[in-house]
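Notes to accompany the following structure.
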Amino acid sequence: MAEARIPTLGDQFNCPVCLDQLKDPVTTACGHSFCLVCINSCWDEERQSGFYRCPQCRHTFTRRPVLKKNVLFAEMVEKLKVTSIQTGSIGGAECDFCTGLKQKAAKSCLVCLASYCETHLQPHYVSPAFKSHKLVRASARLQDHVCSRHQKPLDVYCRTDQLCICFLCTMEEHSGHLTAPAEAERMEKQKELKETQRKSQQMIQQKEKELQKLRRAVESHKRSAQAALEDSKMVFSELIRLVERKRSEVTALIRAQEKEVVRRTEGILKRVEQEVSELRKRDAQLKELSLAEDHTQFLQSFRSLSAAPASIHTVTRTPHTTFMDVAQTVMELKKKLEEFCREETENVSRRVTQVQILEPITRKEFLDYSCQLTLDSNTANSVLRLSEGNRAASWDDLFQFYPDHPDRFDAWAQVLCRENVCGGGYWEVEWSGSDGVGVAVSYRGISRKIDYECVFGCNDQSWSLSCFPSGYSFWHDSQETTIPRVPCSSRIGIYVDHKAGTLSFYSISDSMTLIYRVQTTFTQPLYPGFWLGEGSKVTLGPFSG
């Protein structure tokens, strides 16, 4: 049972870099083991980047780890080496001539189609009868090295069919083909492989640089976001303190005015109360006088009592006897602040959504955002014929008898897609026709019946790229932008980031070339659409090439 598990155990002690058994095994902090020479070689190449990665799991160390020998693994590898010599059962073929306990094969013979250990291999070294036999590295799949038809070594390479063949094949089905000895071809292919490895290493280095740039961009993005959070927190705290300070000032102003008005009014109140008291006293005297029976006393007192009081103050109330106007003014201030905050918050939100680390660059990256679109037959003008499952539209001289519909474009050869791209997305379209086409996005509410107002790009509801064999131009709100020096292509890619307010058009051939980019604010969902010149056609992707 133990022998049956040894091959699996042996694989666990192979270095992931050189794929051979571990030599001077060391283990990183992330738990993976390597040859000391292999891991040092990998990290020497990464010295300039300042980061050290585990070749197995890509875990990143900011400082180069200090490596220590894994004593347990070293002992296990040595035991496995001994076991390998004894059983010959690890990592290769067994000797076909050993009886009982088979030894590990040292070489395989392509003539004998057998594998030999060092002991049984000796006749091939010393006997002239085996001089012409071809020995190769021990292999458990010897049949892969011989011709299945002629049972001869595959020592010839057919360049015409790109196959390994035997010399008998060169005289039969491969007669007249361009051939070369397998060893010579291997040398040529080795050179090509070396060049391929060199390019591969360049690509790896380039991608590693891109990764470093992306990581730096992410870190910069995080720092910038944190700084913006702290700044906004500080600004809003200051705004709150400002509002609180103004509230306190208004409160103090109201209280001071209340105190002053009450003080003055209380003074008047005391004076009027005193006058009322004097008037009551005089009224009592007048009443007493009216009851007097002595005519002489009545006449003598009448003169002094009948005269008007010396000074009677008149109390006049002003129209501003309450603070209702103040409360109304504060409410108006509140509404103005709310409106101001709403507008400015929208500006802040727009600026926030415009912050991006990067957008797609290659077509492969753009295709990750691809969306499936179909043309809406209820919007198609009657000169447009839809086909290919409503994924293509072409100008047809024969009118299409579409039913009346409020969404149909009656005046222009236009059509909208059924789906919108509210969140954003990418799609491609192929076009043809000397009279050109328009590739557009539009709000759903664009006019359908009024002649000029419904044309894509001739209103504030749509954005349109006009494509002609002679070049491109961009239209929005009846304003044309001529686009110079962009090679025309029959395939156009369109990318929308609704939140960021970007709309980009790309010319697609062997590479992607930016034709035009719009930076704006989209307030409604966008629907892809097209206008077609006479004899033109558009087809929606996806496309394989």
Quick one: which of 494-502, 461-469, 390-398 comes out on top by average Cβ neighbours within 10 Å, and what's the full order, highest first?
-> 461-469, 494-502, 390-398
Between the Cα axis of helix 36-45 and the main Cα principal axis of the chain, the angle (0 to 90°, nearest 10) is 50 degrees
Determine which residues of segment 173-200 fall in the zone a paramagnetic label at Arg141 would reach in this model, i.e. backbone nitrogen under 20 Å from the point 7 Å along Cα→Cβ.
-> 182-183, 186, 190
Over 25 Å (Cα to Cα) - which of Lys79/Lys102; Lys259/Lys281; Lys194/Lys364; Lys107/Lys199; Lys246/Lys335; Lys213/Lys233 fall in this group = Lys259/Lys281; Lys194/Lys364; Lys107/Lys199; Lys213/Lys233
When Lys and Arg each count +1 and Asp and Glu each count -1, what net charge do the other residues less than 9 Å away from Tyr52, Cβ to Cβ, add up to?
-> +3
With the chain reduced to its Cα atoms and the Debye formula applied, log10 I(q)/I(0) at q = 0.05, 0.08, 0.10 1/Å amounts to -0.56, -0.94, -1.07
Average Cα contact separation per residue, the chain, under 8 Å, 6 or more apart, as relative contact order % | 8 percent
Separation of alpha-carbon centers, segment 388-456 and segment 197-253, rounded to whole Å = 42 Å
Measure out, as a whole number of angstrom, how far apart the alpha-carbon centroids of segment 321-350 and segment 498-522 sit.
-> 40 Å
Counting each DSSP H run of 4 or more residues in the chain as -39500 (n - 2.57), what helix-only mean residue ellipticity at 222 nm follows after dividing by all residues, to the nearest 500 deg cm²/dmol?
-> -13500 deg cm²/dmol
Check the straight Cα-Cα distances from Lys537 and name the aspartates and glutamates below 19 Å, setting aside those fewer than 8 residues away within the same chain.
-> Asp376, Glu388, Asp396, Asp397, Asp410, Glu428, Glu430, Asp435
Answer rounded, prolate or oblate for segment 389-475, using the Cα gyration tensor with square roots of eigenvalues a ≥ b ≥ c: rounded when a/c is under 1.5, else prolate when a/b is larger than b/c, else oblate.
-> rounded
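Values in this text are rule-based calculations from the coordinates and carry no lab data. Values in this document were obtained by computation on a predicted structure and should not be read as measured data. Cβ: placed from backbone, ideal geometry, glycine included. Neighbour counts: every protein chain shown.
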